[in-house]
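Novice: Just dropping this structure here.
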Amino acid sequence: MTWWLYVALLCVPLLAVYLHIPPPQLSPALNSWRTSGHFFTFRGNNIFYKESFGVVGSSDVLLLLHGFPTSSYDWYKIWDSLTQRFNRVIALDFLGFGFSHKPRPHRYSIFEQASVVEALVTHLGLSEQRINILSHDYGDTVALELLYRSDHNRSGHITINSLCLSNGGIFPETHYPRFLQKVLKDSGFISPVFTRLINFQLFSRGILQYINQRLKHRERWVGTLTSTSTPLHMIYGPLDPVNPHPEFIQLYQKLVQRSTVSVLDEHVSHYPQLEDPTGFFNAYLSFINSF
């Protein structure tokens with residue numbers, strides 16, 4: 001398919017923008033998710049988060065970090081199961097995602113998102129608590145920045161008890177972004193045209209710069225992954241077109257030899273917690289109960 005046909009297809013939402021068609025109403029499920037959550041303020045922006053108290057008598061805390069371009073709702077299929085294992089289960093919408101504020105213009109960065117997470121942990125009074133982190137996709141990179149800060153004892157850092165990653169493009173050399181991601185992350189003339197015409201704040205160049213940040217800061221994030229003493233696990237859906245099998249998982253196992261790995265069924269792709277919630281939860285449960 002030629003580039004101009006891609007442009008034509010992607011500009012279809014322009015009609016809705018100029019016709020001022022209002023956004024669709026939230027589904028009952030999404031509305032319920034929102035009303036069951038809370039907001040806190042980070043540098044003048046409202047950040048959405050949801051938390052549930054589960055197992056009585058346990059002090060275990062689990063923090064969930066979602067992927068791109070979605071939200072904390074990615075975890076809804078395993079939320080109840082997680083609350084049966086942990087005392088507190090917490091998820092947030094990163095700045096620019098979900099129900100959180102979407103400032104524009106704004107240069108979004110992995111570093112800022114990590115600071116958002118640290119601010120949430122402080123807001124919840126958990127600064128002295130050891131935190132288990134379960135992340136996916138974009139959230140994997142945020143988790144690695146948090147791990148770097150924790151391992152280097154940076155001021156305000158989270159004390160990480162364990163880290164489980166899933167289907168994140170943590171290795172630039174094995175990450176194959178989709179067409180729209182490639183267009184919006186680059187600084188060519190097409191990117192600002194798309195972001196203006198489509199008018200989706202979520203797809204602004206600022207957010208998609210995380211792909212470039214992964215490359216620029218590879219040594220920092222992959223380095224801490226390979227050197228940390230924190231318990232690590234990777235849950236992987238092998239049908240993932242963004243982090244393809246077996247290239248991605250072979251590189252992970254070669255570089256991160258201290259980590260354990262769960263490869264799910266061959267039909268599971270980039271969103272394993274949604275595509276195979278039972279398999280995903282069981283894999284995570286096996287890891288978290290192993291230490």
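Novice: In the stretch 44-68, what count of residues is obtained for those that are under 13 Å from S135 (Cα atoms) and in a strand (DSSP E or B)?
Specialist: Number satisfying all stated conditions: 4.
Novice: A follow-up question, please. From the list S191, S229, which residue is more than 21 Å from Y73 (Cβ to Cβ) and either surrounded by 19 or more Cβ atoms within 10 Å (Cβ to Cβ) or at pLDDT below 95 (or both)?
Specialist: S191
Novice: Condition (residue is assigned to a helix (DSSP H, G or I) and either surrounded by fewer than 17 Cβ atoms within 10 Å (Cβ to Cβ) or free of Cβ contacts under 8 Å to residues at least 60 places away in the same chain (or both)) applied to the stretch 255-268: is it met by at least one residue?
Specialist: Checked against the condition, which is being assigned to a helix (DSSP H, G or I) and either surrounded by fewer than 17 Cβ atoms within 10 Å (Cβ to Cβ) or free of Cβ contacts under 8 Å to residues at least 60 places away in the same chain (or both), the stretch 255-268 yields at least one hit.
Novice: Continuing with the same structure: Could you tell me which residue of the stretch 38-74 is nearest to the chain's Cα centre (by Cα), considering only residues that are surrounded by fewer than 18 Cβ atoms within 10 Å (Cβ to Cβ) and small (G, A, S)?
Specialist: Applying the filter and picking the extreme gives S52.
Novice: Can you tell which of F281, F287 is open to solvent by 20 Å² or more (accessible area, probe 1.4 Å) and part of a helix (DSSP H, G or I)?
Specialist: F281
Novice: Taking into account only those residues within the stretch 75-127 that are within 14 Å of the chain's Cα centre (by Cα) and of a type in the set (D, E, K, R), which is farthest from D60 (Cα to Cα)?
Specialist: Per the stated criteria, the residue is E112.
Novice: A further question on this structure: Could you go through the stretch 85-95 and let me know if any residue there is modelled with pLDDT of 95 or more, buried (at least 18 other Cβ atoms within 10 Å of the Cβ) and touching a Pro at 6+ places or on another chain (Cβ under 7 Å).
Specialist: Looking through the stretch 85-95, none of the residues is modelled with pLDDT of 95 or more, buried (at least 18 other Cβ atoms within 10 Å of the Cβ) and touching a Pro at 6+ places or on another chain (Cβ under 7 Å).
Novice: Also, I was wondering about something else. Would you check if I198 is open to solvent by less than 10 Å² (accessible area, probe 1.4 Å) and either more than 28 Å from Q84 (Cβ to Cβ) or at pLDDT 95 or above (or both)?
Specialist: No, not satisfied.
Novice: Scan the stretch 127-162 residue by residue and report those that are over 22 Å from A283 (Cα atoms), in contact with a strand residue (DSSP E or B) (Cβ under 6 Å, 6 or more places away or on another chain) and open to solvent by less than 10 Å² (accessible area, probe 1.4 Å).
Specialist: Selection gives I158 alone.
Novice: Here's a check for you: in the stretch 241-254, which residue that is assigned to a loop (DSSP other than H, G, I, E, B) and within 23 Å of T226 (Cα to Cα) is most open to solvent (accessible area, probe 1.4 Å)?
Specialist: Among residues in the stretch 241-254 that are assigned to a loop (DSSP other than H, G, I, E, B) and within 23 Å of T226 (Cα to Cα), the one most open to solvent (accessible area, probe 1.4 Å) is H245.
Novice: Let me ask you something else. So how many residues does the stretch 1-58 have that are among the aromatic types (F, W, Y), modelled with pLDDT of 85 or more and over 17 Å from V117 (Cβ atoms)?
Specialist: Result for the stretch 1-58: 2.
Novice: Can you list the strands (runs of 3 or more DSSP E) lying wholly within the stretch 69-182 that have 1 or more residues being touching a Cys at 6+ places or on another chain (Cβ under 8 Å)?
Specialist: In the stretch 69-182, the matching strands (runs of 3 or more DSSP E) lie at 130-135.
The values are calculated or read from the model by the stated rules, or taken from the named source; none is laboratory data. Because the structure is a prediction, the values reported are computed rather than measured. So basically every Cβ, Gly included, is an ideal-geometry build from the backbone, and we count neighbours across all protein chains shown. Quick note on the areas: whole protein, heavy atoms, side chains included, nothing else; ligands and nucleic acids left out. Shrake-Rupley method; radii C 1.70, N 1.55, O 1.52, S 1.80 Å.
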